[in-house]
Amino acid sequence: MITRKRLATGACALLAALAAGLFPTGAAADEPAAKESPKVELVLDVSGSMRARDIDGQSRMAAAKQAFNEVLDAVPEEVQLGIRTLGADYPGQDRQKGCKDTRQLYPVGPLDRTEAKTAVATLAPTGWTPIGPALLGAAEDLKGGDATRRIVLITDGEDTCAPLDPCEVARDIAARGIHLTIDTLGLVPNAKIRQQLTCIAEATGGTYTSVRHTEELSKRVRQLVERAADPVVTPVATEGTDRCTDAPQLKPGLFTDRETFGQHRWYRVDVLPGQELRASVSVSADRAVNDDYGVLLRAVTVRGREIVRGSEAGHGRTDVISTGLRYPKPPLDDADGDAKPAAETVCLQVSNSFSAPPGVKTTPGMPIELAVDLVDAPEEASDVAAFGLGRGWWLLAVLVLAGFVGGLLWGWLSRWRVAVWRTN
Amino acid sequence: MRTVRALTAALLAGAGLLTGAGLLGPAVPALADTPSPSGSASTAAEAAAGPTEAGTTFRTAAAFRQGRQATAEASTGDYLYWVFPADTGQRPTVSASVTLPEAAARHGSSTWRIDVYDGLRRRQPCMYGMQSRTVPKEAPAVELSCTLRTVRPWADAWDNDALPGSYYVRLTVTGLPEEDLGQPFAARIGAVSVDQGGAYAGGGSLAAPLVPGATTEDAAEAEAGASTPSAVEARAPEDGWSSGWWSDRWVWTAVGGVLGALAGIGGHALTRGSGRPSRVPPAV
């Protein structure tokens, strides 16, 4: 009885130890610690073309206003919302003036629904479509703090204010590393608008939607605003170098960087014996790229020996291409209690094989997202099978046969011994 | 003759025990969360509990558990991301069904695709299932599926084997006429596992499943007194991550040992003949 109890206690302790080993009690990695509330700015086109009556029988402007009212009612509490207009004020023909016509209708901050709705109600379709300046203005409005930022651009016309290409503007804004996403909505779009808006969305990791009905518009804008409220881990900007020796030292976490076509970047991570390095990398295709592409992530020692690599290649339409690697460093055999073992510096090299069709700008580079984790080293297998246990009918047959033969031999041996003993 | 009969009986009994235990074995630690497809009330309620939005990047992927259904509405051209946990011994099948935009608004055929990535963002191959499908303009919906390899408890660092941890699913359209971009579609996605049992029970184990953010730093923070669940726990299957020590190999091996012993006794008894040797006196 006592033995059994002891056994049970032992088993419990073992289980507890296993459980403890398996679930390292840790704080949430992606739990936002009292983060700043996310910021969203709705950018609305109020250009003359918004008069066209082709959305459910009403004018585009009326549809937008109706959608805005619904969206303003449904904005989550924690979101700081602002509204900016473009082409709302200058009705004239002067291109210079028309292309500067963008202003903040409602400042980014805690939302007063009535005030915001009143402001929207005053709008009347007027002027030009300066998308580029409006985006720059919106980025300016959202400046400051460490919150996630989102611009929702609603427009029905292509930008008429060249040479400032709104797509280039969007990419430049994204390259500032302020975690800003631009989602675009095209009202009854034609090919040119679609191309421009998809380009803007692609450049910032946003989405593009074409709108033909009022209901679609309000539903989508509401969805985008709510999406902004979702907590996310914001990566830390870092800058890799082209050699390992002067590469930045990374701690576990999430990082972003930029890498142009055919470039590679180095980073360094310290790995202690008994730890496992886990690294994943994603390279985003934020512009038009050729159809075949790839990414390579290598873990290399400081002396240049490759330890392990992760690679991936792809074809066709994509947002990112990603790969990852694991490098478990075995624990030291002679584990002294006092002496802290020296960490090994592992160099991580990120390279890509994207290429761009002619005419696509190569700077700034494509965004890289690098996730670095350090966990305890895995328990190495001394045997391929779990605990070296067997399984299957062959195992049974062998065991039965071996037992039988053993029994026979034992029997014969003892008979022979008895016989020998008897004769002596 | 008696011995032989006894031996046969023992063998049969052993085999019966074994098959019984073998079948029951995988169910004991309740690894797999494989609800029956029959729509009982509770399953329907659970299915409704899945997320109704999808993420748009790896970081924002919407989490759901196996056996649940995740839904989302988005615009064609969007990249939708979900994430679900898979544990040792499971062979998950991811299935997606996409309700396409109304045919009148479309201009041609479209190609839809799901990709599955593991917790390290390594693309995972599909053993079978239609991972990508091209549908004509009139098609109302498209069904995709991808059966992953069985998740193993341990793999070499140089391997790309499926390991316990998070699995990302990405759904997107890979080919369509450009004028069809941005139209509304609805997606429904789910994952169910077949438990592969002891045949795939391997030695070794990871210290932490391949869950993004399972860092040692977090462990240090927890020791400092934070009470929030760790990334590893937060992204665990419903019953937590399996400890990986149980497999039906224990039963097979134990039964094998018993049968071997019985066979040994049988063999020994055979050498004794049916009675005692005539020359041995009764006292020995």
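Summary table
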{"quantity": "All positions within region B:121-147 that are touching a Cys at 6+ places or on another chain (Cβ under 7 Å) and within 23 Å of A:LEU297 (Cβ to Cβ)", "calculated": "B:CYS126"}
{"quantity": "Some residue of region B:156-175 being farther than 18 Å from B:ASP115 by Cβ, assigned by TED's automatic domain parsing to the domain that holds B:ILE114 and in a helix (DSSP H, G or I)", "calculated": "no"}
{"quantity": "Only one of A:VAL221, A:VAL236 that is more than 11 Å from chain B (Cβ to nearest Cβ) and over 18 Å from the mean Cα position of the chain (by Cα)", "calculated": "A:VAL221"}
{"quantity": "Residue among A:ALA139, A:ALA174, A:ALA170, A:ALA147 that is open to solvent by less than 10 Å² (accessible area, probe 1.4 Å) and at pLDDT below 90", "calculated": "A:ALA147"}
{"quantity": "Filtered residues of region A:99-132 (kept if open to solvent by less than 30 Å² (accessible area, probe 1.4 Å) and farther than 12 Å from A:VAL46 by Cα)", "calculated": "A:CYS99, A:TYR106, A:GLY109, A:ALA116, A:ALA119, A:GLY132"}
{"quantity": "Verdict on B:GLY108 being part of a loop (DSSP other than H, G, I, E, B), more than 24 Å from the chain's Cα centre (by Cα) and either at pLDDT 90 or above or surrounded by 15 or more Cβ atoms within 10 Å (Cβ to Cβ) (or both)", "calculated": "yes"}
{"quantity": "Answer residue from region A:377-424, given it is among the hydroxyl-bearing types (Ser, Thr, Tyr) and assigned to a helix (DSSP H, G or I) and is most open to solvent (accessible area, probe 1.4 Å) among those", "calculated": "A:THR423"}
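The values are calculated or read from the model by the stated rules, or taken from the named source; none is laboratory data. What you are looking at is a predicted structure, and each value in this text was computed from that prediction instead of being measured. For neighbour counting, all protein chains shown are included, and Cβ atoms are generated from backbone atoms with ideal geometry for every residue, glycine included. Side chains included, ligands, DNA and RNA excluded: accessible areas come from the protein's heavy atoms. Shrake-Rupley method; radii C 1.70, N 1.55, O 1.52, S 1.80 Å.
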